[in-house]
Amino acid sequence: MTEHVWSYKSTSGYLAGTDLTGYKVEATDGSIGTVDKHSDEVGDTYLVVDTGVWIFGKEVLLPASTVVRIDPEDKKVFVDRTKEQIKNAPEFHRDKHLGDAGYREELGTYYGTGAPFGGRPA
């Protein structure tokens, strides 16, 4: 099961109801973009990150479990993956994948414990 992947870690500093839209997102090796959409539904919590020019203007979907720290003062979200790990995640298309259970499972496997695609924390 990959359900734990879709929840914030208790140590992340996330407070329910906080809107993270507009926050900068920092990978372990640098900035990857800005939060464009944020869901905090129980068991289905994620960030949609607009990567700008970093990966040719694409968006990426990050499960909440990748968030290790939130800095509300600087409006930054820190994730425990490298830029390369995020870039190599299954490709995300908002219109096609947001409600797709199969994509959610594939992404959950990639970012979850024991991920076969190098998705584990660096």
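Based on the mean of other Cβ atoms within 10 Å per residue, sort peptides 72-80, 90-98 so the most packed one is first. Spell out each step's value before the answer.
Values: 72-80: 16.2, 90-98: 13.0.
Most protected by this proxy first, the peptides run 72-80, 90-98.
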Problem - Magnitude of the charge dipole, the chain, Cβ model with Lys/Arg +1 and Asp/Glu -1, debye to 20 - result: 260
Problem - Convex hull volume of the range 1-56 per residue (C-alpha atoms, cubic angstrom) - result: 107
Practice task
May I have the extent of the alpha carbons of the range 28-78 along their three principal axes, as whole Å values ordered from largest to smallest?
Solution key: 31, 22, 17
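Going down the table (76/96; 58/96; 75/96; 9/96; 24/87), which pairs top 22 Å between alpha carbons? If you can, show how the numbers build up before the last one.
Values: 76/96 27 Å; 58/96 14 Å; 75/96 29 Å; 9/96 27 Å; 24/87 17 Å.
76/96; 75/96; 9/96, as the Cα separations exceed 22 Å there.
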Handout entry: Estimated [θ] at 222 nm from DSSP helical runs (n ≥ 4, -39500 (n - 2.57)) normalised by residues in the chain, nearest 500
Key = -4000 deg cm²/dmol
Exercise for the section: From the C-alpha gyration tensor of the chain, pull out the three semi-axes of the equivalent ellipsoid (sqrt of 5λ each), sorted largest to smallest, in whole Å. Expected result: 18, 17, 15
Handout entry: Listed residue (17, 78, 4) projecting farthest to the positive dipole end of the chain, Cβ model
Key = 78
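Bear in mind these aren't lab numbers, they're just calculated from the coordinates by the rules spelled out. Since the structure is predicted, the reported quantities are computational estimates derived from the model, not experimental observations. No Cβ is skipped: glycine too gets one built from the backbone with ideal geometry, and neighbour counts run over all protein chains shown.
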